[in-house]
1. Which pairs turn up if I take residues in region 22-34 that are at negative phi and look for partners that are part of a helix (DSSP H, G or I) with beta carbon separation below 7 Å, at least 6 apart in sequence or on another chain?
2. Which ones in region 186-215 are open to solvent by less than 100 Å² (accessible area, probe 1.4 Å), more than 22 Å from the chain's Cα centre (by Cα) and at pLDDT below 80?
3. When you scan region 126-137, do you find a residue that is closer than 28 Å to G30 by Cβ and without any contact (Cβ under 8 Å) to a residue 60 or more places away in the chain, even just one?
4. Take the conditions within 30 Å of L186 (Cβ to Cβ), open to solvent by less than 80 Å² (accessible area, probe 1.4 Å) and among the charged types (D, E, K, R) and apply them to R142. Does it pass?
5. For region 176-205, how many residues are part of a helix (DSSP H, G or I), in contact (Cβ under 8 Å) with a residue 60 or more places away in the chain and closer than 25 Å to A152 by Cβ?
6. Exactly one condition in (1) at pLDDT below 95; (2) within 30 Å of N20 (Cα to Cα) is not met by V160; state its number.
7. Collect the residues in region 41-68 that are surrounded by 15 or more Cβ atoms within 10 Å (Cβ to Cβ), modelled with pLDDT of 65 or more and either within 17 Å of Q112 (Cβ to Cβ) or not hydrophobic (A, V, I, L, M, F, W, C) (or both), keeping them in residue-number order.
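The values are calculated or read from the model by the stated rules, or taken from the named source; none is laboratory data. Quick caveat: nothing in here was measured; it's all calculated off a predicted structure. FYI the Cβ positions are ideal-geometry reconstructions off the backbone, even for glycines, and counts take in every protein chain you see. The accessibility values were calculated without ligands, DNA or RNA, using every heavy atom of the protein model including side chains. Shrake-Rupley method; radii C 1.70, N 1.55, O 1.52, S 1.80 Å.
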Amino acid sequence: RIGLQGVSGNQLRSARRSLNIMFQEWANRGLHYWEVANNNITLVADQAVYTMFRSTGDGTSDATAVYGVDDVLEASFRNSNVDTPLTKINRSSYQALSNKTSTGQPTQYFVQRFIDKVTITLYLTPGSDQAGKFINYYYVKRIQDVGDYTNATDVPYRFVPCMVSGLAYYLSQKFNPQLVQQMKLLYEDELNRALQEDGSSSSSYITPKTYYPNV
């Protein structure tokens, strides 16, 4: 697409680096539903903070670590397969809680996204009655790096056209700058179509609540 002939080993390595960078940039494009997964956290008495690691090879022995976690979307307290939804709160709301060491069945959670890990902080802090029970949660995984040249890419077939267009755009910046604008337009067009197709096909209905004061 950008006119390269007789591709060398250096150009292949450059293409692999560009593809990895593009996959990382896709994480800033919103939620990708093929990267949503489900897992459980086993609760420990008097422990409010649980750690999930993004990167591999960090030497952790934490039993709660799930590699590749980027964010937690929703969570529930699970007791004998009965789920009670938890409310996701932000840092300010968590900071405003007066007694963060109060124990009991968790009702809220706060997610922090660091460079090397993601943590989930529960409120209330699980007590002895909650120990051994679970927090069931859905989380967003990062798109896997390309790795070996023989690997299959970690994207569904719907995203193959925009992946190819995107790689051409990234490589044009290095090897054929005259085509950058043209390749960018093609890439954005392909990516927008893929993002519109990705997602849930269920319908949502919003009905306003009618309220008659002093009647």
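1. Filtered contacts from region 22-34: M22/G166; M22/L167; M22/Y170; R29/L195; H32/W26.
2. Result: S203, T210, P213.
3. Our first condition is that a residue be closer than 28 Å to G30 by Cβ; within region 126-137, this holds for 135-137.
So of that shortlist, the ones also without any contact (Cβ under 8 Å) to a residue 60 or more places away in the chain come out as none.
Within region 126-137, not a single residue is closer than 28 Å to G30 by Cβ and without any contact (Cβ under 8 Å) to a residue 60 or more places away in the chain.
4. Numbers: within 30 Å of L186 (Cβ to Cβ): yes; open to solvent by less than 80 Å² (accessible area, probe 1.4 Å): no; among the charged types (D, E, K, R): yes.
When the stated conditions are applied, R142 does not pass them.
5. So the first thing to find is which residues in region 176-205 are part of a helix (DSSP H, G or I), and the list is 177-197.
With in contact (Cβ under 8 Å) with a residue 60 or more places away in the chain added as a condition, the list becomes 179, 183, 191, 195.
Restricting the remaining residues to those that are closer than 25 Å to A152 by Cβ gives 183, 191, 195.
Within region 176-205, residues that are part of a helix (DSSP H, G or I), in contact (Cβ under 8 Å) with a residue 60 or more places away in the chain and closer than 25 Å to A152 by Cβ number 3.
6. Tallying (1) at pLDDT below 95; (2) within 30 Å of N20 (Cα to Cα), V160 fails exactly one: (1).
7. Residues satisfying the conditions are I41, A48, Y50, T51, M52, F53, V66, G68.
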